[in-house]
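See below for the structure under consideration.
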Amino acid sequence: MTFTTILFYVFAAILVLASLRVITARNPVQAALFLVLAFFQAAGIWMLLKAEFLSIVLVLVYVGAVMVLFLFVVMMIDIDMDKLRAGFWSYLPVAAGVGSVIVIEMSAVIWRAFPGTGTAVPAASNTIGQTKALGLKIYTEYIYAFEIAAVVLLVAIVAAVALTLRKRKDTKAINPGLAVRVKRNDRLKIVKMDATVHAPVAVAETKEAP
């Protein structure tokens with residue numbers, strides 16, 4: 001067993017454990033931190049596959065941007081996680097069935113791909129870690145998928161901002177739309193009305209009369 005194989009098993013074991021802690025941790029902040037650990041282990045596996053660019057992008061984009069945004073959203077929203085996890089174990093049979101199907105499918109793919117097929121790996125597949133080759137693939141062959149992913153991320157950012165902008169009773173805010181549409185006559189309005197209380201001067205004159 002080579003040193004690269006040992007590193008792969010170490011990264012894979014930590015990745016599986018971190019993924020399990022993501023879905024079993026009761027604290028959402030701790031779950032997000034375990035997800036960051038899982039991303040780092042996946043980046044290490046990418047590095048072992050000589051996909052350096054994908055490894056760095058995984059760390060910069062997901063760990064440095066997406067997970068930071070997710071942590072801010074989790075900490076700013078008051079979520080009752082105990083209430084959400086009340087029926088967690090009731091979904092275990094369905095989750096186990098779906099997970100078993102996925103494991104069987106992945107095992108079938110690996111079993112057909114890795115045993116001695118006698119086919120050599122194409123030389124072009126060794127360029128998966130090169131930035132130029134990856135850029136040509138993304139912006140030519142996979143341009144539509146890349147644009148759809150960008151739109152999905154934009155929608156997620158807008159949704160995160162919308163969730164944090166909730167109204168609070170102890171703060172005062174104005175509606176910018178109403179402030180822009182206001183007219184001059186709406187700012188100041190003079191109302192004429194009859195006096196309901198007599199002037200004190202008239203009362204003083206009646207006392208001085210005798």
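Numbers for the structure displayed
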| item | result |
| --- | --- |
| Some residue of the range 140-151 being modelled with pLDDT of 70 or more, touching a helix residue (DSSP H, G or I) at 6+ places or on another chain (Cβ under 7 Å) and surrounded by 10 or more Cβ atoms within 10 Å (Cβ to Cβ) | yes |
| Of all residues making up the range 1-60, the number that are of a type in the set (D, E, K, R) and closer than 27 Å to LYS132 by Cα | 2 |
| Which listed residue is outside the structural domain of ILE23 (by the TED database), among the aliphatic types (A, V, I, L, M), at pLDDT below 75 and assigned to a helix (DSSP H, G or I), from ALA95, ALA133, ALA120 | ALA95 |
| Residue in the range 53-70 that is hydroxyl-bearing (Ser, Thr, Tyr), at pLDDT 75 or above and in contact with a helix residue (DSSP H, G or I) (Cβ under 7 Å, 6 or more places away or on another chain) present | yes |
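Residue by residue, here is whether (1) in a helix (DSSP H, G or I); (2) surrounded by 18 or more Cβ atoms within 10 Å (Cβ to Cβ); (3) not hydrophobic (A, V, I, L, M, F, W, C) holds:
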position	(1), (2), (3)
VAL10	yes, no, no
ALA13	yes, no, no
VAL16	yes, no, no
ARG21	yes, no, yes
ARG26	no, no, yes
ALA42	yes, yes, no
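The values are calculated or read from the model by the stated rules, or taken from the named source; none is laboratory data. All values reported here derive from a predicted model rather than from experimental measurement. Positions of Cβ are generated from backbone atoms using ideal geometry, with glycine treated the same way; all protein chains shown enter the neighbour counts.
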